[in-house]
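See structure below.
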Amino acid sequence: MTTSTHPTDFSERDSRIAINSYTTVLRRQRVPHDLFATYWRDVHGPLCSRIPGLAWYVQTHLDREQDDHLWPAIEGIDRFPDYVQDGGVEIGFASAEDQKTFMDACHLLFADEQNMFEETIAYDLPNSSATFVDRVADPTPNGDDGLDRMHVHLGAAHADAAEFARFLSEELAPTLAQDPALFKVRLHTPERYDNANPAPPAPDVNHQVPAERELIAVLELAFESPLARRAFYDTDTFRQLEAGLKAHVAYATAFAVSGIYTYVRDKQMTLAGLRGSRPAQLIKQIGANNQLMPEVQQLLHKGSLDNA
């Protein structure tokens, strides 16, 4: 594992994602975790990467065996009841036209979800997501980069979606991003989820949520280490946020990130998207530059050396 950090803030590179979605995923309980994770990375991932219209596709794998101090206990804020997740997915587009192109073909992708997912909940982010700081140089991570990463799922304490989003985007996330302890702060503030219009429409997969998960947000955080994270939660900077958190957040559950896998960025498939996550790791580890030749990639992507 290597930690690739840089004093430069790379958050601007995410601004090209005009429309985004965040999907929570839960594996089928009788599918062993290793089989689930490998299938998701190396079978489902390359399939999704090839659906036309995509500009952005990232899988974040979550660890059920996690540090109990990922997010501090705050009086009046509970954990989501009976809430376990195995991952989060971002699927993004550069335009509404591209999104429609994807949706016209995505039945090929959704038909595969029943093989590994018990539940998928696709939260719409029509105004995309916001990256407040990103000091990680690598734009297309494919694995565990050594940072202390987590996704914190926050449930609203009231029905005012606009005020909930305002607190998160104008107070919480910017304050976190200003502290040097945070290497990355990214915020997803979806529209309220509607059980009457379940998404995504994958057959034999649950798409219903309880009331406390209808209006949520997801906060991505990255620290240098667990020690740095625990030290930050003891600072005045974080303590000053507690009053706002109590006013606007009723539920908070944090999930440790075990790996981030990038398949498409800026409408271009990564090596993981083209070959699968683990083959891409092997190619990198052995230094197989020949596998990066345009002719090889054309052959694997199109099944032919003919560009037509």
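Overview of values
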{"read-out": "Failed item, numbered, when Leu108 is tested on (1) within 18 Å of the chain's Cα centre (by Cα); (2) at pLDDT below 95; (3) more than 16 Å from Thr253 (Cβ to Cβ)", "value": "(1)"}
{"read-out": "The one condition in (1) surrounded by fewer than 18 Cβ atoms within 10 Å (Cβ to Cβ); (2) closer than 19 Å to Ala122 by Cβ that Gly53 fails to fulfil", "value": "(1)"}
{"read-out": "Residue in segment 180-188 that is buried (at least 20 other Cβ atoms within 10 Å of the Cβ), of a type outside the set (D, E, K, R), more than 27 Å from Thr120 (Cα to Cα) and under 17 Å from the mean Cα position of the chain (by Cα) present", "value": "yes"}
{"read-out": "Residue tally, condition modelled with pLDDT under 95 and hydroxyl-bearing (Ser, Thr, Tyr), over segment 13-67", "value": "1"}
{"read-out": "Verdict on Ser21 being surrounded by 22 or more Cβ atoms within 10 Å (Cβ to Cβ) and not in a loop (DSSP other than H, G, I, E, B)", "value": "yes"}
{"read-out": "Counted residues, segment 29-83 - those being over 30 Å from Asp234 (Cα atoms) and not in a helix (DSSP H, G or I)", "value": "14"}
{"read-out": "Any hit, segment 103-111, residues being surrounded by 14 or more Cβ atoms within 10 Å (Cβ to Cβ) and touching a strand residue (DSSP E or B) at 6+ places or on another chain (Cβ under 7 Å)", "value": "no"}
{"read-out": "Qualifying residue in segment 215-226 (condition: more than 24 Å from Asp148 (Cα to Cα) and out of contact with any strand residue (DSSP E or B) (no Cβ under 9 Å at 6 or more places or on another chain))", "value": "no"}
{"read-out": "Output for segment 273-308, where each listed residue is touching an Asp or Glu at 6+ places or on another chain (Cβ under 9 Å), in a helix (DSSP H, G or I) and surrounded by 15 or more Cβ atoms within 10 Å (Cβ to Cβ)", "value": "Arg275, Ser277, Arg278, Pro279"}
{"read-out": "Count - residues of segment 12-28 that are within 11 Å of Ala94 (Cβ to Cβ) and either among the aliphatic types (A, V, I, L, M) or in contact with a Leu (Cβ under 8 Å, 6 or more places away or on another chain) (or both)", "value": "4"}
{"read-out": "Breaking point among (1) surrounded by fewer than 21 Cβ atoms within 10 Å (Cβ to Cβ); (2) more than 26 Å from Pro72 (Cα to Cα); (3) modelled with pLDDT of 95 or more; (4) not charged (D, E, K, R), for Pro201", "value": "(3)"}
{"read-out": "Cβ-Cβ under 8 Å pairs, at least 6 apart or on other chains, segment 105-120 side touching a residue at least 24 places away in the same chain (Cβ under 8 Å), far side assigned to a helix (DSSP H, G or I) and of a type in the set (Asp, Glu)", "value": "Thr120/Glu113"}
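The values are calculated or read from the model by the stated rules, or taken from the named source; none is laboratory data. Fair warning: this is a prediction, and the values are worked out from it, not measured in the lab. Neighbour counts run over all protein chains shown; Cβ positions are idealised from the backbone, glycine included.
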